[in-house]
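Heads up: the structure comes next, in structure tokens.
The values are calculated or read from the model by the stated rules, or taken from the named source; none is laboratory data. From a predicted model like this one, the values you see are computed outputs, not experimental measurements. Note that we place each Cβ from the backbone using ideal geometry, even for glycine, and neighbour counts take in every protein chain shown. Note: accessible area is taken over every heavy atom of the protein model, side chains too, but ligands, DNA and RNA are not part of it. Shrake-Rupley method; radii C 1.70, N 1.55, O 1.52, S 1.80 Å.
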Amino acid sequence: MAVSLDGGSRMGTIAMTGGATGIGAAIRELLAEAGHRLIVVDIKAADINADLSTSAGREAALAGIQAEAGGGLDGFIACAGVSGSVPDKALIPSVNYFGAVNLLDGLRPLLALRRGSAVLISSNSAPMDTSQDYVELLLSGDEAAARELAERTEGHPLYSGSKQALARWMRRNTAAYAGQGIRLNAVAPGYTRTPMTESVANDPAYADAIKQFLASIPLQRAGEPEDIARAVRYLLSDDASFVCGSVLFVDGGHDAMLRPDTF
Ligand SMILES: NC(=O)c1ccc[n+]([C@@H]2O[C@H](COP(=O)([O-])OP(=O)(O)OC[C@H]3O[C@@H](n4cnc5c(N)ncnc54)[C@H](O)[C@@H]3O)[C@@H](O)[C@H]2O)c1
């Protein structure tokens, strides 16, 4: 984005996925308040309604964004995602990973036109134990095999694996995108109060475990969607003009507490 005197950013055109609820809705509101033009893709309540779990949906999303932003994009945020508890586990690799990287790849020429910046919403679960076979399938782009493996794997490692692959994809592609002036970064939120976490928190089977989990966060609270949105706004802005290829943990200190010596 172009430099402005206050260190922030001039109004820009920003595309994003997952803007209907939760973290994405907070990002959409914060950026719209700052005067940016948002083009929102989601499966519901969006400028472009598209199902990012299918290649047809991703193509429709790309075509819609291209039609709206012919002059180029200043930013892109991949926020759409499903949790590890979703009944159809094949959605986890398809939405969380392919729905993000396929769109970003397709939007690369539009981002290059404006030397834009992209932020992928990963998770602080990304460094956790997962199947490396699964992560390698994602990184190799083999969606059919990743979906097939997902059908017979537990949801939670599938979720953390999808978020690990997303962060690794971002880092692997940082230099190539930077060569066109595009900054890539990721945000790794910790537990954040949204419809995604609410459904689990309200389940009596998990209520106690969630309470203990929240009590273990060093800052002693859950994240709010706005905490994550402010980090995204920063990464897109010119205040972050030399921040490139970073995974920014926004998790009240949880990752640092759990993995103090690994970064
Ligand atoms: N809430 C947390 O604690 C937490 C922690 C770490 C990372 N995240 C990540 O943050 C992002 C936002 O999650 P949230 O907590 O706001 O949840 P959410 O359920 O409120 O938001 C997810 C959004 O993705 C959209 N979406 C889901 N499937 C889609 C599909 N097939 N096609 C298009 N859009 C689809 C939903 O409609 C919704 O708007 C996700 O990527 C999630 O994995 C959340």
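A few remarks follow.
- Total formal charge among the other residues, if their Cβ is under 15 angstrom from that of residue 52, Lys/Arg +1 and Asp/Glu -1: -4
- The chain - Debye-derived log10 I(q)/I(0), Cα point model, q = 0.12, 0.16 Å⁻¹: -0.67, -1.24
- DSSP beta bridges in the chain [antiparallel fraction, %, rounded to 5]: 5 percent
- Straightening the chain between residue 224 and residue 55 buys 57.7 nm, computed as 0.36 nm per residue apart minus the Cα-Cα spacing.
- Note that the range 145-263 presents 53 Å² accessible area per residue, ligands and nucleic acids not counted, probe 1.4 Å.
- Computed over the alpha-carbon atoms, the range 1-125 gives an Rg to Rh ratio of 0.97, Rh here being the Kirkwood radius from the mean inverse distance.
- Whole-Å distance, taken between Cα centres, linking the range 25-74 and the range 220-257: 22 Å
- Local net charge near residue 151, Cβ-Cβ under 15 Å (Lys/Arg +1, Asp/Glu -1): -3
- Taking every full run of DSSP H in the chain, the ones that stretch at least 18 Å from end to end by Cα along their long axis and average -1.0 or higher on the Kyte-Doolittle scale are 55-68, 99-113, 155-178.
- Note on the chain: with neighbouring protein chains present and a 1.4 Å probe, carbon and sulfur make up 54 percent of its accessible heavy-atom surface.
- Overall dimensions of the range 90-138 by Cα: Rg and Dmax, Å: 13.2, 39
- Over the range 131-186: Rg over Rh, Cα atoms, Kirkwood Rh: 1.07
- Near the amide H of residue 80, within less than 5 Å, lie the amide hydrogens of 17, 18, all on another chain or at least 5 residues away, with H placed in the peptide plane.
- Under a 5 Å amide H cut-off, with hydrogens placed 1.01 Å from N, residue 39 pairs with 14, 15, 16 among residues at least 5 apart or on other chains.
- Electrostatic bookkeeping for residue 217 treats Lys and Arg as +1 and Asp and Glu as -1; over the other residues with beta carbon under 11 Å from its beta carbon, the sum is -1.
- Of 26, 215, 63, the one that fluctuates the most in a GNM where the chain has Cα springs shorter than 10 Å: 215
- Annotation: lysines with alpha-carbon distance below 23 angstrom to residue 163 (same-chain offsets under eight excluded): 44, 89.
- Per-residue HN-Hα couplings for the range 42-54 [Karplus 6.51, -1.76, 1.60; θ = phi - 60°; Hz; x = Gly/Pro]: 7, 6, 8, 6, 10, 5, 10, 7, 8, 8, 6, 7, 10
- Stokes-Einstein D (µm²/s) once Rh is taken as the Kirkwood radius of the range 109-259 over alpha-carbon pairs, at 20 °C in 1.002 mPa s: 128 µm²/s
- Cα-based Rg of the range 35-107 normalised by 2.2 N^0.38 Å, two decimals: 1.09
- Comparing 182, 43, 228 in a Gaussian network model of the chain where C-alpha atoms under 10 Å apart are linked, the largest mean-square fluctuation is found at 43.
- Amide H to amide H, with H built 1.01 Å from N, residue 118 comes under 5 Å of 76, 183, 184, 185, counting only residues 5 or more places away or on other chains.
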